Amino acid sequence: MLLSNDWLTVALAKGRILEPALELFAAAGIHTGRIREESRKLIFTLEEEKLRFVLAKPTDIPTYVEYGAADLGVVGKDVLLEAEKELYELLDLRLGACRLSVACRAGSKGFTGGYVATKYPRIAERYFQGQGKQFEVIKLHGSVELAPLLQLADVIVDLVSTGKTLAENNLVETEVIAHITTRLVANPGSYQVKGKRVMELAERLQAVLERKVVKP
Amino acid sequence: MNEILKRLLTPEGVRDLLPDLAGQKRKLEELMQEIFSRWGYREVSTPAFEYSVNFDTEMKTDLEENLYRFPDERGRTLVLRPDFTLPLARVAATHLAKEAKPLRLCYGGSIFRYAGGLQGKQRELTQAGVELLGTGNAESDAEIVALAAEVLQAAGLLDFTLCLGNVGFLDNLLAAYGFAPEDGEKIKHFFSKKDFVSLRELVQSLPLAKDAVEAVLAVPGLRGGAEVLEEARKLLPPGADKTPLATLEGIWAVLADYGVSRFVTLDLGMVRMLNYYTGMVFEGYTVGLGYPLCGGGRYDQLLVNFGLDLPAVGFAVSVDHLLTVLERRKLLPERKTLLYLAYGAGSRAAALAAARQLRKNGENVVVSVQESTAEEAARQARACGALRLLYCHGGKCSETTLDNKGGGKDAAVK
């Protein structure tokens, strides 16, 4: 039998997708209002729903879910691709849509080999490995756009949403590696043992998404 | 790095088990073998490495890339066993080919795989499992599932779920709706990883009828009790082969008779990575562990590769994962209290005689390796974690119970 094993813990990525994610849960009838207001607290308990929300750094979400500290996680596909964990990907929440792309200085000939600066070394490695080019990946933690300008790297691999930051730094997007959105992921143990609760929550969110699908 | 530091490292993916945990792991393995024998399974032991060809059959999935291969002195390729099912199939087809069927065999030991997939980061893993060979009905499938439930319960777990599926259901559904075989393979891959986002993207991009798309996307929701079999039947178009559902229905009924239904969830989207499975498949999960505790299924086409055409079903427990869960939840049995035996001048013979007797009675006894005073003896006893001290002096041995801090209380005199 499916157990409706009491409480569910959901880890939410802090940052730009937090607001829209909370709105999505609210649209599914889960009162996340309190989470929006308080910002220093990291754990929020919703007694009536038997839900616990924890706020964490996006790159830590797969780890929390992998070890079962959280049953579910809400995090970008970019983070999941880089983390390479065995998590179940239940839903595309269609939030924070952007691209993970290769970019280089405007006017340069595109990537024929050389140095790649990125916050996503594993993704970059996997992507260029399949192309038979000589390359070396340089891991940076932010402002990746600087690297080609200071000739630290020939190209960068980074998230692009409007392309404004790239343009301001005289860079152009040359290849799209993946289309990125926010996903709902589950710990395999939680998915099985707390099956009923996980499915109910996923279905509620899915219903909201289906209502929204008419909108562009 | 200097030479000594280099010698202190172990390779990635293997680990030392330290006192207490190593013993607890062995106890757990013994417990499982004990249960297997109570169910009539007989243990076999196979070599740690074999010819590569034994593992090439039917193993075209992820596992093949994860094998430890190396040449022997004549250049033939050997493989560290990545699995016990194939070696046991070989044993059944050779040494035991003439034995009466059904044949019940069990095993326990290490398997070796490069890390990845469902095993986590470890590369040497301990398994304990069984194979039931020569019988193909629902009762034999159910026996394996019920045995898995008993083993996990005996180990001390109560909140686990065994999810039960049948690889034939998805195969038949995909065939009946006219999915191309290569799309079907991709779809099954997404099911095995429960990547429902990619599944939805792929299925919706294919030029197929709406009912076909809806049927595939409804499969992840087919989880629960016997009622999901009814829902599953409705998803199959008329004329589709419904045998896998009938098989599951049969197994479900036998499991009810075993009294283990509360641990079992039907999951019709369940696909296991190894492609030798032909029918029922199952995996066991518990909260807080991202990997299966156990898994298995029916593989009726595997033994024919070894020249013996027999149906078979089996499962294995991932002992390391089970041990991790039990350790975290403090469910491992405590080690037996240790007795420290020390002696004063001239009392060594008396002490050793006492030790012999105590050990014969089943006590764990550490004997001091030098003469000591009563105070020194108490200090030594505490240092090695003993809670009881027996001190022999002038022909008499007296026992003291030690508390954790200091001081002691005199107890019985022997």
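Put simply, chains B and A cover up around 2400 Å² of each other's accessible surface, both sides summed, when a 1.4 Å probe is used.
Pairs of lysine in the stretch B:9-328 with Cα under 18 Å and at least 8 positions apart or on different chains: total?
Number of lysine pairs found: 7.
For chain B, what is the mean residue ellipticity at 222 nm derived from helices alone (per DSSP H run of n ≥ 4: -39500 (n - 2.57); sum divided by total residues; nearest 500 deg cm²/dmol)? Calculated mean residue ellipticity at 222 nm is -11000 deg cm²/dmol. Along the charge dipole of the stretch B:224-339, pointing to its positive end and built from +1/-1 on Cβ of Lys, Arg, Asp and Glu, which listed residue (B:G307, B:V260, B:L293) has its Cα farthest out? Result: B:L293. Based on alpha carbons, the Rg and Dmax found for the stretch B:1-56 are 17.9, 54 Å.
Under a 5 Å amide H cut-off, with hydrogens placed 1.01 Å from N, B:A155 pairs with nothing among residues at least 5 apart or on other chains. Taking 1.567 mPa s as the viscosity and 4 °C as the temperature, the Stokes-Einstein diffusion coefficient of chain B based on its alpha-carbon Kirkwood radius rounds to 52 µm²/s. Taking the Cα atoms only, what angle lies between the long axis of helix A:195-212 and the longest principal axis of chain A, rounded to 10 degrees? Here the helix axis deviates by roughly 60 degrees.
Average accessible surface for chain A: 48 Å² per residue, computed with a 1.4 Å probe over protein heavy atoms with every protein chain in place.
Taking all protein chains in place and a 1.4 Å probe, what share, in percent, of the accessible surface of the stretch B:9-328 do carbon and sulfur account for? Taking all protein chains in place, the stretch B:9-328 shows 52 percent carbon and sulfur surface.
Cysteines in chain B that lack a partner Cβ within the 4.7 Å cut-off: B:C106, B:C163, B:C294, B:C384. Surface composition of chain A: carbon and sulfur make up 51 percent of the accessible area, probe 1.4 Å. Just need the Rg to Rh number for chain A, please, alpha carbons only, Kirkwood Rh. Value, to two decimals: 1.03. The calculated P(r) of the protein assembly as shown, using every Cα pair and 10 Å bins from 0, goes 3, 13, 20, 22, 18, 13, 7, 3, 1, 0 in percent. For A:K139, list the aspartates and glutamates whose Cα falls under 14 Å from its own Cα; do not include residues on the same chain fewer than 8 positions away. The reachable aspartates and glutamates, counting only those whose Cα sits under 14 Å from A:K139, are A:E82, A:E125, A:D154, A:D158.
Of all the C-alpha pairs in the stretch B:261-315, what % are more than 15 Å from each other? Cα-Cα pairs of the stretch B:261-315 separated by over 15 Å account for 54 percent. Between the Cα long axis of helix A:18-27 and the first principal axis of chain A there is an angle of about 40°, rounded to the nearest 10.
Which of rounded, prolate, oblate describes the stretch B:216-375, given a ≥ b ≥ c as roots of the alpha-carbon gyration tensor eigenvalues and a/c under 1.5 marking rounded, otherwise prolate only if a/b is larger than b/c? Prolate, since a/c reaches 1.5 and a/b exceeds b/c.
Beta bridges from DSSP with both residues in the stretch B:338-413: antiparallel share about 55 percent, rounded to the nearest 5.
Take every DSSP beta bridge whose two residues both sit in the stretch A:98-179, then give the antiparallel share in percent to the nearest 5.
Counting DSSP beta bridges with both partners in the stretch A:98-179, the antiparallel share is about 60 percent.
As a ratio to 2.2 N^0.38 Å, the alpha-carbon radius of gyration computed for the stretch A:98-179 takes the value 0.95.
Does any residue of the stretch B:188-202 lose at least 50 Å² of accessible area with all protein chains in place compared with its chain alone, and if so which ones (probe 1.4 Å)? Listed in order, they are B:K193, B:K194, B:F196, B:V197. Measuring spread by the Cα atoms of the stretch B:338-413 yields a radius of gyration and Dmax of 11.0, 31 Å.
The values are calculated or read from the model by the stated rules, or taken from the named source; none is laboratory data. Since this is a predicted model, take the numbers as computed values, not measurements. Note: ideal-geometry Cβ built from the backbone for every residue, glycine included; neighbour counts use all protein chains shown. Heads up: the accessible areas ignore ligands, DNA and RNA and are worked out on the full protein's heavy atoms, side chains in. Shrake-Rupley method; radii C 1.70, N 1.55, O 1.52, S 1.80 Å.
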